[in-house]
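Okay, structure first, notes after.
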Amino acid sequence: MVVNTFGKPSFKRGAIATLIISSFLLSGCGEKAVEQVTAPVIQPALTEIVNTQQAADLSFNGVVRAAERADMAFRIGGRLTNIFVNEGDEVKKGQLLATLDSRDAKTALESAELELRNTTLEYERAQAIYKKSQAISKADLDAITTRFDLTKNRVSEAKRQLEYTELHAPFDGIVGRKMMDNHIQVQANEPVLTVHDLNDLEVVINIPHQVMLSGSNRTKAIAEISSIPGQAFPLTLRTFATQADSVSQTYAVVLGLEQVNGFRVLPGMAVKVIPDTNAITDENTLITLPLTAVVPDNQGKQFVWVVGHENKAEKRYVDIGALVKDRIVVKQNLALGERVIIAGVSSVREGMEVRPYTDERTGA
């Protein structure tokens with residue numbers, strides 16, 4: 001009888017292998033059973049619901065000034081002998097306002113006029129001799145003529161210097177400031193008085209580089225003057241600067257104040273400028289967002305993050321307009337009622353799920 005010596009050991013090895021494989025499988029199943037699944041972190045996002053703001057909410061601080069004004073200064077230096085007006089005085093065009101000591105100027109004029117009389121006689125005598133007998137040469141006649149012309153010029157200059165010792169009002173107006181007193185030594189072109197024409201007033205406001213007066217192309221506004229409560233004065237756009245002030249980086253806008261209705265409006269008064277509410281239409285209804293909501297890209301464009309379907313962040317490119325304090329006008333691509341992320345925008349990515357919330361304190 002033949003005995004198979006390999007039968008039983010073969011069975012044992014197979015059984016052991018099966019047990020080992022089974023243990024690995026069971027071990028793997030066990031690990032999967034106890035593995036913890038971490039839920040994705042949903043970032044909270046401070047949002048604001050898109051709504052509208054009337055253009056009347058825009059306002060700028062300004063100051064009244066006279067459209068026609070003059071800092072009155074002497075064209076020459078000297079001792080101030082008389083100022084005939086005071087601050088607040090009304091003046092007429094051509095009225096004498098102030099004088100310098102004119103004694104030196106008068107002496108110079110008298111000397112020039114005396115010299116002119118002498119050179120005039122010399123010139124007339126030389127002309128007569130030359131025409132009659134040519135007893136003098138043409139060169140001598142030319143030299144005498146030159147002296148005569150120079151003397152006439154000196155007289156004209158002396159008269160101007162005498163005129164420069166007087167200041168006259170350039171137009172009808174009011175004395176706004178008096179910067180000097182009598183007997184003071186003044187320099188040439190140093191202001192002595194300021195004269196304003198109160199018949200033509202205007203308001204000057206300074207606005208940031210992104211701002212138009214009302215966020216649109218309107219040219220009408222209203223001035224509220226704190227010293228005249230309850231009154232609104234119509235304004236119209238006159239001029240605006242195209243170069244920013246080097247210090248404040250703002251642009252000057254000038255508005256005409258044409259109807260004061262008998263009220264005493266004076267240069268230097270502080271005003272608040274707002275758009276004319278009678279001119280507000282649907283075109284002047286603005287969508288504004290906090291400045292923190294608008295993000296620039298590397299192409300010079302601006303976008304915002306809108307909370308879209310299933311609270312997923314969506315990049316939305318927008319056009320921006322005027323600044324309104326700490327907010328900015330957004331001109332297109334946003335609909336009323338949409339939620340815009342207004343904080344932490346640098347960490348938001350396209351398609352990111354967020355948990356929107358609002359700040360009850362601000363009403364955002």
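The values are calculated or read from the model by the stated rules, or taken from the named source; none is laboratory data. Please read these numbers as outputs of a predicted model, since none were measured by experiment. Cβ sites come from the backbone with ideal geometry, for glycine too, and all protein chains shown count toward neighbours.
Restricted to region 223-242, and to residues there that are more than 22 Å from the chain's Cα centre (by Cα), farther than 15 Å from N61 by Cα and in contact (Cβ under 8 Å) with a residue 12 or more places away in the chain, the residue that is surrounded by the most Cβ atoms within 10 Å (Cβ to Cβ) is I228.
Tell me which residues, restricted to region 174-206, are among the aliphatic types (A, V, I, L, M) and assigned to a strand (DSSP E or B). Answer for region 174-206, where residues must be among the aliphatic types (A, V, I, L, M) and assigned to a strand (DSSP E or B): I174, V175, V186, V192, L193, V195, L201, V203, V204, I205.
For region 257-267, the criterion of being at pLDDT 90 or above, outside any strand (DSSP E or B), β-branched (V, I, T) and more than 20 Å from the chain's Cα centre (by Cα) is met by at least one residue.
Contact map, region 86-111: first residue on the phi > 0 side of the Ramachandran plot, second residue surrounded by 12 or more Cβ atoms within 10 Å (Cβ to Cβ) and outside any helix (DSSP H, G or I), Cβ cut-off under 9 Å, separation 6 or more or different chains; pairs are G88/I174; G88/V175; G88/G176; G94/H168; G94/A169; G94/P170. The single residue among K106, K93 that is in the same structural domain as Q185 (by TED's automatic domain parsing) and part of a loop (DSSP other than H, G, I, E, B) turns out to be K93.
Give the residues of region 131-147 that are modelled with pLDDT of 90 or more and among the aliphatic types (A, V, I, L, M), sorted by residue number. A139, L141, A143, I144, listed by residue number. Report yes if A313 is of a type outside the set (F, W, Y), more than 13 Å from V50 (Cβ to Cβ), crowded, with 17+ Cβ neighbours inside 10 Å and under 30 Å from the mean Cα position of the chain (by Cα), otherwise no. When the stated conditions are applied, A313 does not pass them. Count of region 69-111 residues, restricted to those that are surrounded by 14 or more Cβ atoms within 10 Å (Cβ to Cβ), within 16 Å of E157 (Cα to Cα) and of a type in the set (V, I, T), is 1.
Cβ-Cβ distances below 7 Å connect the following pairs, each with a first residue in region 181-209 that is exposed (fewer than 15 other Cβ atoms within 10 Å of the Cβ), a second residue that is of a type in the set (F, W, Y), and a separation of six or more residues or different chains: A188/F74; H209/Y251.
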